[in-house]
Amino acid sequence: MKYFKPAGIPLRQLEEISLAKDELEALRLKYVLDLEQVEAAEKMGVSQPTFHRILSSAIKKVADALVKGKAIKIEKGE
């Protein structure tokens, strides 16, 4: 598992947020590759509404971790 966390604070002292592999992939497709949601959904093999739900969940988790100083754990997956 991979973690992203605030610097200088031991992981054991932090609350964590789990980010699923599909959530990380949705973030990558939308914000790193700058794809439109329809195209990103096609690449993930899901409908556009499903992609939107995955992306929204990921954004909410990352924002929560950044604002509240939590660790982000990237879950293993396919």
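Is there a residue in region 24-40 that is free of Cβ contacts under 8 Å to residues at least 24 places away in the same chain and among the hydroxyl-bearing types (Ser, Thr, Tyr)? Yes: region 24-40 contains one or more residues that are free of Cβ contacts under 8 Å to residues at least 24 places away in the same chain and among the hydroxyl-bearing types (Ser, Thr, Tyr).
When residue 31 is tested against (1) surrounded by 14 or more Cβ atoms within 10 Å (Cβ to Cβ); (2) at pLDDT 95 or above, exactly one condition is not met: (1). Name, by its number, the condition in (1) in contact with a strand residue (DSSP E or B) (Cβ under 6 Å, 6 or more places away or on another chain); (2) among the acidic types (Asp, Glu); (3) crowded, with 16+ Cβ neighbours inside 10 Å that does not hold for residue 22. The number of the failed condition is (1).
The helices (runs of 4 or more DSSP H) falling completely within region 1-72 that include 1 or more residues that are touching a His at 6+ places or on another chain (Cβ under 7 Å) map to 37-44. Give region 44-68 a look and list any residue that's surrounded by 13 or more Cβ atoms within 10 Å (Cβ to Cβ), more than 15 Å from the chain's Cα centre (by Cα) and not aliphatic (A, V, I, L, M), or say none. Listed by number, the list holds a single entry, 48.
The values are calculated or read from the model by the stated rules, or taken from the named source; none is laboratory data. Keep in mind that what you see is a predicted model, and the values were worked out from it rather than measured. FYI the Cβ positions are ideal-geometry reconstructions off the backbone, even for glycines, and counts take in every protein chain you see.
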